[in-house]
Amino acid sequence: MLVRTLCVVALVFVSWLASAQAQSGSATVWLPLVQTPLVPPPTVAGYLGSGQDDTPVAVGMKASGELVLAGVAPALSGVPETVLPGGGAGALIQIAADGQTISRVVRVASTLAHAALAANGRVVVCGADGLIALEPDLTTIRWTATPGNVSRCAMAADGRVAALLDATRTLLVYPSTGAEPLAISIAGTAVADIAIDPTNNLVFATGYTQAAANLKVAFLRAYRMDDGSLAWQRYGVSAAAAQQAGLTADSEGRRLAMGADGLLYFAGFTDGGHSIFGRDPADVSRALSRSELIKFDTYNDPSNLSGARSLAWYGRFDPANGALLRGQWLLTRLSDGRGNSITIRGLAAAADGALLIVGDAACCLPNRGAMQLFDQTLGNYEAGEPFLLLVNPEFTQRRLWTALAAPGATAGSSPAIAAAITSDRLALVARFTPNVANTRALITTGNPAFPLPIGGYDGYYLVMPRL
């Protein structure tokens, strides 16, 4: 398309120039036509190449096209390493823009639970060693903090960092200098994830409350970063209110992400379709309208269920006031048409609102038996296989929904863990779990540095153009 546009512009200019010369009687001038074709993003999928157990926990993409993976990687064969003070198995792994070359490993901590890459390339990593904030070069330490075991962390482009002390349900908000943080106590039974929004000066938390012996209720809350006060809450209703509305299915908030569009994205779990996620998050007595809860086929309509099924739900929220802009169910289907389970473990949204979702699934994704990816026919289904789902901004179309089993193999118990998306690319990381029979493998393509698993639990990454 770019080449065609350049040609048209050049021809129009040449025509104008010829006309002007004819009128003035000037000499002919030859104008060279320069064509500059676009270079498409790479399509590469491969392993991380360690003979020991690896666990990726996060992925991000730099503006330069490089991937940054974070996780536990005890040793990577033949890859240059930089070891920061206290650095060990917890590492940042940089993959070149071609997707093929693991250009370096930066060892930042003894272990890692999570990491976040800000829009300006800065990184925060977290885990048992606390927090480490890094410059975009990945080796210059901005600041460190040791508040305890940090299970999740988030970073804003202005340098502020949010950190979750899971054991105490305490949310810490650090200024860009890493000075004394604001501490916010999160009410509830468990907190699963956090996000940070510098534009609205808010920080978010999600999880669940054991509202009754037989009922978990999800919550989504926003807190002001200047004083820690509650700005708004969605869901989080009492057991009596949920039961009065007939909402008897357990629910949990699982994942949060600030999209590049400035909106807040949420993913939850529910044990069945009679759940608060089918209702207005601010008023569970009101069912969501068709424009709020988008359904277009049986894979986003929780019908024909039997027994306990772990369904997923995701939604886009206005971070300023907590209004639900649109949401959608997600489930799989057995061969007899009954609904089945799926788990969301990571999500990311692009500037146009396209949403990338990853996780693991029970049988089966649509057209699973004949599914192809990268011109390869995928291997057979096995429980707990990883999936990638790309949804258009309106939630009215799945641009891609695929499993990742290699041809002739299965990929059970190997969840996709985290995702990243830009205007032209998407990426994910997964944890590959081998089996005794050695019949499992994930699909590879594009000449990765490590096309085969080496041993133990293996890290895995995929990067490809956005559809």
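The values are calculated or read from the model by the stated rules, or taken from the named source; none is laboratory data. Owing to the predicted nature of the structure, the values given are computational and were not obtained by experimental measurement. Quick reminder, even Gly has a Cβ in these numbers, built from the backbone with ideal geometry, and neighbours come from all protein chains shown. The area values use the complete protein model at the heavy-atom level, side chains included, leaving out ligands, DNA and RNA. Shrake-Rupley method; radii C 1.70, N 1.55, O 1.52, S 1.80 Å.
Worth a mention:
- Nitroxide proxy distance, nm - points 7 Å out along Cα→Cβ at Gln210 and Asp424: 5.1 nm
- Per residue, in Å², the accessible surface of the stretch 36-167 once ligands and nucleic acids are set aside, probe 1.4 Å: 35 Å²
- Here the Karplus relation 6.51 cos²θ - 1.76 cosθ + 1.60, evaluated at θ = phi - 60°, turns the backbone of the stretch 117-127 into coupling constants of 10, 7, 4, 8, x, 5, 10, 10, 10, 8, x Hz, with x for every Gly and Pro.
- Note that the stretch 182-265 presents 37 Å² accessible area per residue, ligands and nucleic acids not counted, probe 1.4 Å.
- Relative contact order for the stretch 286-371, counting Cα pairs under 8 Å that sit 6 or more residues apart, in percent: 25 percent
- Residue-averaged [θ]222 nm for the chain, counting only DSSP H segments that reach four residues, each worth -39500 (n - 2.57): -2000 deg cm²/dmol
- Within the chain: Cβ-based charge dipole about Cα centre, in debye rounded to nearest 20 (Lys, Arg +1; Asp, Glu -1): 540 debye
- Using only side-chain charges placed at the Cβ, +1 for Lys and Arg and -1 for Asp and Glu, the dipole size of the stretch 359-452 relative to its Cα centre rounds to 40 debye.
- Near-label residues of the stretch 231-259 by backbone N, under 18 Å of a point 7 Å along Cα→Cβ of Ala187: 231-243, 253
- In the full protein context, the stretch 294-387 carries 35 Å² of accessible surface per residue, based on a 1.4 Å probe and ignoring ligands, DNA and RNA.
- Per-peptide average of other Cβ atoms within 10 Å, ordering 310-320, 234-244, 186-196, 373-383 highest first: 310-320, 186-196, 234-244, 373-383
- Percent of beta bridges antiparallel (DSSP, the stretch 228-329, rounded to nearest 5): 95 percent
- Counting protein heavy atoms only, the stretch 52-118 has 53 percent of its accessible area on carbon and sulfur, 1.4 angstrom probe.
- Burial ranking of peptide ranges 206-219, 277-290 (average Cβ count within 10 Å, highest at the top): 206-219, 277-290
- The stretch 443-458 - phi-based ³J(HN,Hα) in whole Hz, Karplus 6.51/-1.76/1.60, Gly and Pro as x: 5, 10, 6, x, 6, x, 4, 10, x, 10, x, 9, x, x, 6, 10
- Taking every DSSP bridge with both residues inside the chain, close to 95 percent are antiparallel.
- Additional length obtainable on full extension of the chain from Glu81 to Asp375, 0.36 nm per residue less Cα span: 102.3 nm
- Ordering Val125, Leu442, Pro80 by Cα displacement along the dipole of the chain toward the positive end leaves Leu442 in first place; charges were set at the Cβ atoms of Lys, Arg (+1) and Asp, Glu (-1).
- Positive-end residue of Gly259, Gln372, Leu324, charge dipole of the stretch 225-373 with Cβ unit charges: Gln372
- Under the simplified labelling scheme, the Asp166-Thr43 pair shows an inter-label distance of 3.6 nm, with each label point 7 Å from Cα along Cα→Cβ.
- Sorted largest first by accessible area at a 1.4 angstrom probe radius, with every protein chain in place, the residues His114, His274 fall in the order His274, His114.
- The chain: relative contact order as a whole-number percent, Cα under 8 Å and 6+ apart: 14 percent
- Count Lys and Arg as plus one, Asp and Glu as minus one, and take only other residues whose Cβ is under 9 Å from that of Tyr265; the net charge is then +2.
- Summed residue charge, Cβ within 13 Å of Gly346's Cβ, Lys/Arg positive, Asp/Glu negative: +3
- Karplus (6.51, -1.76, 1.60) ³J(HN,Hα), θ = phi - 60°, over the stretch 62-72, in Hz, Gly and Pro reported as x: 7, 4, 6, x, 6, 8, 10, 9, 10, x, 9
- Neighbourhood charge, 10 Å Cβ-Cβ cut-off, centred on His114 and excluding it, Lys, Arg +1 and Asp, Glu -1: 0
- Cα centroid separation - the stretch 287-353 against the stretch 101-174, whole Å: 30 Å
- The modelled label-to-label distance between Ser291 and Glu135, using points 7 Å beyond Cα along the C-beta direction, is 5.0 nm.
- Estimated dipole of the stretch 141-277 in Debye, rounded to 20 [Cβ of Lys and Arg +1, of Asp and Glu -1, Cα centre]: 80 debye
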